[in-house]
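Quick notes on the structure that follows.
The values are calculated or read from the model by the stated rules, or taken from the named source; none is laboratory data. Values in this document were obtained by computation on a predicted structure and should not be read as measured data. Every residue, glycine among them, receives a Cβ derived from its backbone with ideal geometry; neighbour counts consider all protein chains shown.
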Amino acid sequence: MINDKLPKIWYGGDYNPEQWEADTWAEDDRMFKLAGIDVATINVFSWALNQPSEDVYHFEWLDETIERLHANGVGVCLATSTGAHPAWMAKKYPEVLRVDYNGRKRKFGGRHNSCPSSPVYRHYSRLIAGELARRYKDHPALLIWHVSNEYGGYCYCDLCEAQFRVWLQKRYGTLDKLNKAWNTRFWGHTFYDWDEIVAPNALSEEWNGNRTNFQGISLDYRRFQSDALLECYRIEYEEIKKYTPDVPVTTNLMGFYPELNYFEWAKYMDVVSWDNYPALDTPPSFTAMTHDLMRGLKHGQPFMLMEQTPSQQNWQAYNALKRPGVMRLWSYQAVARGADTVMFFQLRRSIGACEKYHGAVIEHVGHEHTRVFRECAELGRELQQLGDKLLDSRVAAKVAIVYDWENRWATELTSGPTVALKYVDEAHKYYDALYKLGIPADMIGVETDLSGYDIVIAPVLYMVKTGYAAKIEAFVEAGGTFVTTFFSGIVNENDLVTLGGYPGELRKVLGIWAEEIDALFPGTVNQVVMKGERGALNGTYECGLLCDLIHSEGAEVLAEYGDDFYKGMPALTVNRFGNGQAWYVATSPDERFMKDFLSNLCAEKGIEPLVKAPAGVEATLRVKGEKSYLFLLNHNPEASAVDLGGRSGTDLLSGQAAQGNVAVPGRGVMIIETV
């Protein structure tokens, strides 16, 4: 479990008592008890309060807060406060400030405004992390460390430019290798000195964020910035571990946040935590996919839901309230997919600045007689009731979807074939179909072992890293089913095209050759026409976005295009390779195709839905020893009937027996314990 000092699903969230006076603290203590709050994340943005000048620290307020919380039965998730540097630091050491994408030097303000390459920032962040760790290392309230907050944002200052060159020297060794990797003979970019290399931004190679003249340069700068920020995290992590080696350390991630390679970050996190902020109209399957990605970062280890809002947010264009029951439903969705905590931002609403209208357990009215508080208190009671039953249980899946941040960067930096191609959206299409079929799927990285899966899906595997094609071949040869799509196998990790015909290194296992790639304009469609019936797959389906013009090199052609000059060319193929199969979906098909195609693949592998449920009902399974916990989450506003098949057990929330057909209330939850 995350920390055995509190052996239950942690319940709490971000708490900022420094913004209030003592009479309010007493009310907080009372209301936390009413709501069942047992963990508070504190000190997230208090660096300026803790360190008013270069050589002075004041932790008295923090001492008092931790003692008070502990006396009231609330454990502490202690942040290091380094998410925003103090104003005195920016004034005395202006080099600590970032330079933005357009080359403008920032002034003090906002947060995450620290240059990740700044020796000053790194020095003082290490010092304050060490001061905190020394001071609180033996405090019984300390449950976990929270380094900084929501890392992100790139810097393009001279310090980063210089460190980029150092990073490149470590990666490539020589300028000859770098010039080859970046194809610098294009447009006369050959470098003869490391100091000739500049950061790619609006002043040099890029424009509009993801458009670039040199994909290799821009790709490497993203790798460098992700690594530089990770180094900042690791500096604090290692300082903390000197004093508290047995206390876990985390930092809160942000799901599919594009700028950081979270698979690399997860290697240095004791537990993954993340902040979940879907909009009212975000598909539940997308939120589920994000939870599964966070679980997949550490190969199925339970994660922390570090933040969610009890009701509305403040930063979206339209900040709708969570409807009654939705906060509870979405909280259990996180638990169903591997979370061992349910935590909020924030516990009490701020009275000023940009987050004063962000939802909180305790609203501005200041008492417990609100809809939001009642819902929070009810959830707190249920989590107490569940105790440690679910802790450390795991989600099992026989299907995996490959997701890779570097592949995303490369796909979206490339100069064609269409600006409409969004890597995350294509991954979600496959996930959404499995979700609607009721079939669990893991989200995995390219370093994940494939041997535990029956089906591995790698949508838009544009970048094939060294050794990955061989890994796929071994998986298929051993009996696995591999699926990839259009625009796959095109480049290596430097974004250099693999010559000899698409899909490059995947050509052997797929048994095809892709000659051209057609980009369809918005609203334009083609058809995928099945050549016969294959289970649920039959007839004609629509497709769009991109169409690969492919030739079989041993693969069986199961469907063809129905329109345009490439009518009759293959649109769906399968290649027998060893004891397994490798599928190629040469276009982006409609939702009906996805459902029929994936239901076929799963049926062929004997993978069945967990239950029979109507649309809008989500089912997942967590397993712990001999016991299984079936979660039924009804995202519909009305009650829905679910056929449990041969499963039976007890609903942990109601205490009622469950077997055969059960009715899940609208926006309701059941957790059925079976043996």
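Among the residues of region 148-156, is any touching a helix residue (DSSP H, G or I) at 6+ places or on another chain (Cβ under 9 Å) and either at pLDDT below 95 or not in a loop (DSSP other than H, G, I, E, B) (or both)?
no
When only residues in region 244-264 that are charged (D, E, K, R) and part of a loop (DSSP other than H, G, I, E, B) count, which is surrounded by the most Cβ atoms within 10 Å (Cβ to Cβ)?
Among those residues, the one meeting the criterion is Glu259.
Could you tell me whether region 203-217 includes any residue that is within 18 Å of Asp100 (Cβ to Cβ), more than 24 Å from the chain's Cα centre (by Cα) and of a type in the set (D, E, K, R)?
Checked against the condition, which is being within 18 Å of Asp100 (Cβ to Cβ), more than 24 Å from the chain's Cα centre (by Cα) and of a type in the set (D, E, K, R), region 203-217 yields at least one hit.
Which pairs do you get when a residue that is free of Cβ contacts under 8 Å to residues at least 60 places away in the same chain, found in region 412-429, comes within reach of a residue that is part of a loop (DSSP other than H, G, I, E, B) and crowded, with 18+ Cβ neighbours inside 10 Å, reach meaning Cβ atoms under 9 angstrom, with the pair 6+ apart or on two chains?
Once the first residue is free of Cβ contacts under 8 Å to residues at least 60 places away in the same chain and sits in region 412-429, its partners that are part of a loop (DSSP other than H, G, I, E, B) and crowded, with 18+ Cβ neighbours inside 10 Å give Tyr423/Tyr403; Tyr423/Asp404; Tyr423/Pro459; Tyr423/Val460; Tyr423/Tyr462.
Give all pairs with beta carbons closer than 6 Å in which a residue from region 35-62 that is acidic (Asp, Glu) meets a residue that is surrounded by 14 or more Cβ atoms within 10 Å (Cβ to Cβ) and assigned to a loop (DSSP other than H, G, I, E, B); count only pairs at least 6 apart in sequence or on separate chains.
Asp38/Val74
Take residues that are aliphatic (A, V, I, L, M) and tell me which of the strands (runs of 3 or more DSSP E) falling wholly in region 265-367 contain 2 or more. Steps first, answer last, please.
On the way: elements: 273-275, 304-307, 341-344.
In region 265-367, 304-307, 341-344 are the strands (runs of 3 or more DSSP E) which contain 2 or more residues that are aliphatic (A, V, I, L, M).
Among the candidates Ser273, Ser311, which residue alone is in contact with a Gly (Cβ under 9 Å, 6 or more places away or on another chain) and either under 27 Å from Val617 (Cβ atoms) or in the same structural domain as Ala377 (by TED's automatic domain parsing) (or both)? Before the answer, list the steps.
Numbers: Ser273 fails: in contact with a Gly (Cβ under 9 Å, 6 or more places away or on another chain).
Among Ser273, Ser311, only Ser311 is in contact with a Gly (Cβ under 9 Å, 6 or more places away or on another chain) and either under 27 Å from Val617 (Cβ atoms) or in the same structural domain as Ala377 (by TED's automatic domain parsing) (or both).
Answer yes if at least one residue in region 573-596 is surrounded by fewer than 19 Cβ atoms within 10 Å (Cβ to Cβ) and either hydroxyl-bearing (Ser, Thr, Tyr) or in contact with a His (Cβ under 9 Å, 6 or more places away or on another chain) (or both), and no otherwise.
no
A quick yes/no check of all residues on (1) modelled with pLDDT of 95 or more; (2) over 22 Å from Ala433 (Cα atoms); (3) assigned to a strand (DSSP E or B); (4) polar (S, T, N, Q):
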| site | (1), (2), (3), (4) |
| --- | --- |
| Glu608 | yes, no, no, no |
| Pro614 | yes, no, no, no |
| Thr620 | yes, no, yes, yes |
| Leu633 | yes, no, yes, no |
| Ala641 | yes, no, yes, no |
| Gly666 | yes, yes, no, no |
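Being without any contact (Cβ under 8 Å) to a residue 60 or more places away in the chain and surrounded by fewer than 24 Cβ atoms within 10 Å (Cβ to Cβ) is the filter here, so list the residues in region 271-289 that pass it.
Those that are without any contact (Cβ under 8 Å) to a residue 60 or more places away in the chain and surrounded by fewer than 24 Cβ atoms within 10 Å (Cβ to Cβ): Asn276, Tyr277, Pro278, Ala279, Leu280, Asp281, Thr282, Thr287.
Evaluate the following for Glu67: is it within 29 Å of Glu205 (Cα to Cα) and either touching a residue at least 60 places away in the same chain (Cβ under 8 Å) or assigned by TED's automatic domain parsing to the domain that holds Ile42 (or both)?
no
From Ala657, Ala613, Ala639, Ala619, which residue is of a type in the set (Gly, Ala, Ser) and within 17 Å of Leu386 (Cα to Cα)? Walk me through it before giving the result.
Numbers: Ala613 fails: within 17 Å of Leu386 (Cα to Cα); Ala639 fails: within 17 Å of Leu386 (Cα to Cα); Ala619 fails: within 17 Å of Leu386 (Cα to Cα).
So the residue among Ala657, Ala613, Ala639, Ala619 that is of a type in the set (Gly, Ala, Ser) and within 17 Å of Leu386 (Cα to Cα) is Ala657.
Quick one: count up the residues across region 98-138 that are assigned to a loop (DSSP other than H, G, I, E, B) and either surrounded by fewer than 16 Cβ atoms within 10 Å (Cβ to Cβ) or without any contact (Cβ under 8 Å) to a residue 24 or more places away in the chain (or both). Steps first, answer last, please.
Within region 98-138, the first condition is being assigned to a loop (DSSP other than H, G, I, E, B), and the residues that meet it are 98, 100-104, 106-113, 115-118, 137-138.
Next, from what is left, pick out any that are either surrounded by fewer than 16 Cβ atoms within 10 Å (Cβ to Cβ) or without any contact (Cβ under 8 Å) to a residue 24 or more places away in the chain (or both): 102-104, 106-111, 137-138.
Summing the residues that are assigned to a loop (DSSP other than H, G, I, E, B) and either surrounded by fewer than 16 Cβ atoms within 10 Å (Cβ to Cβ) or without any contact (Cβ under 8 Å) to a residue 24 or more places away in the chain (or both) in region 98-138 gives 11.
Right, Gly416: within 23 Å of Arg171 (Cα to Cα) and not β-branched (Val, Ile, Thr) or not?
no
Given (1) in contact with a Phe, Trp or Tyr (Cβ under 8 Å, 6 or more places away or on another chain); (2) outside the structural domain of His146 (by TED's automatic domain parsing), where does Tyr93 come up short, assuming only one miss?
The single condition Tyr93 does not satisfy is (1).
Any idea which of Glu604, Glu618 is under 24 Å from Ile457 (Cα atoms), in contact with a strand residue (DSSP E or B) (Cβ under 6 Å, 6 or more places away or on another chain) and of a type outside the set (A, V, I, L, M)? Walk me through it before giving the result.
Numbers: Glu604 fails: in contact with a strand residue (DSSP E or B) (Cβ under 6 Å, 6 or more places away or on another chain).
Step by step, each of Glu604, Glu618 is checked, and only Glu618 is under 24 Å from Ile457 (Cα atoms), in contact with a strand residue (DSSP E or B) (Cβ under 6 Å, 6 or more places away or on another chain) and of a type outside the set (A, V, I, L, M).
May I ask you to list the residues in region 490-501 that are outside any loop (DSSP other than H, G, I, E, B) and either surrounded by 23 or more Cβ atoms within 10 Å (Cβ to Cβ) or free of Cβ contacts under 8 Å to residues at least 40 places away in the same chain (or both)?
Correct list: Val497 only.
Let me spell it out: the conditions are (1) in contact with a strand residue (DSSP E or B) (Cβ under 6 Å, 6 or more places away or on another chain); (2) in contact (Cβ under 8 Å) with a residue 60 or more places away in the chain; (3) closer than 24 Å to Glu259 by Cβ; (4) of a type outside the set (Phe, Trp, Tyr), and Leu142 meets all of them except one. Which number is the exception?
For Leu142, the exception is condition (3).
Have a look at Arg667, Arg647, Arg592 and point out the one that is on the phi > 0 side of the Ramachandran plot and of a type in the set (D, E, K, R). Write out each step before concluding.
Values: Arg647 fails: on the phi > 0 side of the Ramachandran plot; Arg592 fails: on the phi > 0 side of the Ramachandran plot.
Being on the phi > 0 side of the Ramachandran plot and of a type in the set (D, E, K, R) holds for just one of Arg667, Arg647, Arg592, which is Arg667.
Within region 21-58, can you find the residues that are surrounded by 22 or more Cβ atoms within 10 Å (Cβ to Cβ) and of a type in the set (D, E, K, R)?
Those that are surrounded by 22 or more Cβ atoms within 10 Å (Cβ to Cβ) and of a type in the set (D, E, K, R): Asp28, Asp38.
Residues to consider are Glu355, Glu368; find the one that is modelled with pLDDT of 95 or more, surrounded by fewer than 24 Cβ atoms within 10 Å (Cβ to Cβ) and not aliphatic (A, V, I, L, M). Explain how you work it out, then say what you get.
Details: Glu355 fails: modelled with pLDDT of 95 or more.
Checking each option against the conditions leaves just Glu368.
Which ranges mark the strands (runs of 3 or more DSSP E) fully within region 372-489 that have 1 or more residues being more than 23 Å from the chain's Cα centre (by Cα)?
Here the list reads 481-485.
Please indicate, with yes or no, whether at least one residue in region 59-75 is crowded, with 24+ Cβ neighbours inside 10 Å and within 25 Å of the chain's Cα centre (by Cα).
no
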